[in-house]
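Structure first, commentary second.
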Amino acid sequence: IFNVIPDGINSGITQQTNSFTIDKSGAYRIEFWANTKSDTNNTQIAFKFAVNGTLGTARRPKIYMRNIGEVHNGGAFGYTHFNAGDVITLWMASTVSANITIEDLVFGAMAIRYD
């Protein structure tokens, strides 16, 4: 979780170490960006976010890592509705068994309109 605004100022979102909680129901822009590398050739990974432990949206950023050790990046954003109390986490899946390193990552949400 990237703390773009200092804690205590994030209106509508409470950040935890591996998740964030929505404080106010409304429409949000959810954002994702990552640099990754793999120890296995031809690794494909995809990221999804889960709401209260349930994986959602069909849209997902995919990153293709063709060669061992090369750093690749991917990112995406979208709009969704969250309810107060929703806990948002990020999940990753791979097409192969590999040691995947996330070199840098941004995952967050921004309120667009409150209900």
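Enumerate the lysines that residue 37 could reach by cross-link, defined here as Cα to Cα under 25 Å, with residues fewer than 8 away along the same chain left out. Here the lysines satisfying the reach criterion relative to residue 37 are 48, 62.
Taking the protein heavy atoms of the chain in the context of the full set of protein chains, the accessible area attributed to carbon and sulfur is 51 percent at 1.4 Å. When the Cα atoms of region 46-115 are aligned to their principal axes, the ranges along those axes come out at 47, 21, 19 Å in descending order.
Taking Cα pairs under 8 Å and at least six residues apart, what relative contact order does the chain come out at, in percent? Contact order relative to length: 42 percent.
The values are calculated or read from the model by the stated rules, or taken from the named source; none is laboratory data. Bear in mind that the values here come from a model prediction, so they are computed numbers and not experimental data. Side chains included, ligands, DNA and RNA excluded: accessible areas come from the protein's heavy atoms. Shrake-Rupley method; radii C 1.70, N 1.55, O 1.52, S 1.80 Å.
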